[in-house]
Amino acid sequence: MANILHIESATTNCSVALSNKGSVLALKEINSANYSHAENLHAFIEAVLGEAEIHMHQLDAVSISKGPGSYTGLRIGVSAAKGLAFGLQIPLISVGTLQALALQLKVKSGLIIPMLDARRMEAYTQVFSAEHEYLSPVEATILVSNSFEAFLAKNKVSFIGSAASKFEEICLHPNASFYTSLVPSAKEQAKIAFQKFQQEKFEDTAYFEPFYLKDFVAGKPKKLV
């Protein structure tokens, strides 16, 4: 049946979706920095299962947004996904957060660069073609006025995500477009996760860890980024 539950918790958007063979059946999400993912995630899981009228034991796999992103958000999401995979004895599938974010934008040509807010003027970035094929690895990029100059010189470039607003303030290149309100959502995991399910590209549930990219720095509690 390929019923797959998808969890996205890498940013301020707490998002859960349920799909069958890559088609989304139900979605529950809220994008707000004024709540805890831990308080909503399990309720959202129950909500999408109820909406789709699918029992927990009818799930064939669970997919998780693996990062990069918020340390706390990723820990909560991965813990929930691993718990389900262990408890139900189903495969765990990971999906790159930036890859899923890039899928939200459809362009006929040019490049798509999803960027998630990191500390200060840093952003987690990756470059994709208009066909959503990745052209660079995930990087922690320090944003300056001439960032991505080589790409902008030859292409229309769409910058998407929470850090796009920071870059928009300093980038004046005419080939740059900005989509600052879009955030990663579980619904974009459906297509990628189904492909991985068919190819049996599963994670080792016992040892899987989120892709933090940068070391966690302890400090005062703050809103998820």
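The values are calculated or read from the model by the stated rules, or taken from the named source; none is laboratory data. Note that this is a predicted model, so its numbers are computed, not measured. Methodologically, a virtual Cβ is constructed for each residue, glycine included, from the backbone with ideal geometry; neighbour enumeration extends over all protein chains shown.
Which one is farthest from Tyr212 (Cα to Cα), of the residues in segment 78-101 that are small (Gly, Ala, Ser) and either over 11 Å from the mean Cα position of the chain (by Cα) or modelled with pLDDT under 95 (or both)?
For segment 78-101, the residue satisfying everything is Gly87.
Determine whether segment 46-53 contains at least one residue that is outside any strand (DSSP E or B) and either more than 24 Å from Phe197 (Cα to Cα) or outside the structural domain of Ala193 (by TED's automatic domain parsing) (or both).
no
Take segment 7-31 and flag every residue that is among the hydroxyl-bearing types (Ser, Thr, Tyr) and either out of contact with any strand residue (DSSP E or B) (no Cβ under 8 Å at 6 or more places or on another chain) or assigned to a helix (DSSP H, G or I) (or both).
Ser23
Take the residues in segment 66-105 that are of a type in the set (Lys, Arg) and in contact with a strand residue (DSSP E or B) (Cβ under 9 Å, 6 or more places away or on another chain); name whichever of them is farthest from Ala206 (Cα to Cα).
The qualifying residue farthest from Ala206 (Cα to Cα) is Lys66.
In segment 61-76, what count of residues is obtained for those that are out of contact with any helix residue (DSSP H, G or I) (no Cβ under 7 Å at 6 or more places or on another chain) and crowded, with 23+ Cβ neighbours inside 10 Å?
2
In segment 90-122, which residues are outside any loop (DSSP other than H, G, I, E, B) and surrounded by fewer than 19 Cβ atoms within 10 Å (Cβ to Cβ)?
Result: Glu122, single match.
Quick test of your reading of the structure: Ser162 fulfils all but one of (1) modelled with pLDDT of 95 or more; (2) surrounded by 16 or more Cβ atoms within 10 Å (Cβ to Cβ); (3) of a type outside the set (Asp, Glu). Name the failing condition by number.
Against the list (1) modelled with pLDDT of 95 or more; (2) surrounded by 16 or more Cβ atoms within 10 Å (Cβ to Cβ); (3) of a type outside the set (Asp, Glu), Ser162 comes up short only on (1).
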